[in-house]
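I have placed the structure first, in the form of structure tokens, so that the comments after it can refer back to it.
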Amino acid sequence: WRPRTYRYQYEQKAIECWLGAVEEAMKIAPELSFATTELAVLARGYGGVRARGMEKLDELFTNWSDKLANDPVALKIEVEKILNQARHDPDRECGKQG
């Protein structure tokens with residue numbers, strides 16, 4: 001029954017998006033690809049922590065291809081900033097500004 005639930009479908013779509021971003025980055029900037037794999041840390045936890053992490057991933061992966069093509073260095077900096085925030089305050093804001 002799980003594969004028919006909304007949450008399962010949402011999570012599978014998020015996984016596919018994340019893996020697609022990793023593959024795209026590997027073609028242009030392998031070091032960014034590695035950092036992108038680490039973004040899975042944002043999809044952890046429950047409740048608000050998970051929701052904020054997934055929201056951050058959605059924001060980051062919106063227009064990923066364009067960001068990657070236009071400025072892979074800036075994108076790598078953005079990914080590393082998000083990872084740093086998640087590592088140093090893992091249960092708070094998951095990279096949320098403010």
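Considering only lysines 8 or more places apart in sequence, or on different chains, count the pairs in the chain whose C-alpha atoms sit under 19 Å apart. So the count works out to 11.
Note on the chain: with charges restricted to the Cβ of Lys and Arg (+1) and Asp and Glu (-1), its dipole about the Cα centre is near 460 debye.
Of the residues F34, C17, T5, the one whose Cα sits farthest towards the positive end of the charge dipole of the chain is T5 (charges of +1 on Lys and Arg Cβ, -1 on Asp and Glu Cβ, taken about the Cα centre). Across all directions, the average flat footprint of the convex hull enclosing the Cα atoms of the chain is 6.4 nm². In the chain, the DSSP-assigned H stretches of four residues or longer account for a calculated mean residue ellipticity at 222 nm of -23000 deg cm²/dmol, using -39500 (n - 2.57) per stretch and the full residue count as denominator. Between the C-alpha center of segment 36-94 and that of segment 2-33 there is a gap of 12 Å.
Read-outs throughout are calculated quantities, based only on the coordinates presented, and are distinct from any laboratory measurement. All of these numbers come straight from a predicted model, not from anything done at the bench. Using ideal geometry, Cβ is built from the backbone for each residue, glycine included, and neighbour counts are taken over all protein chains shown.
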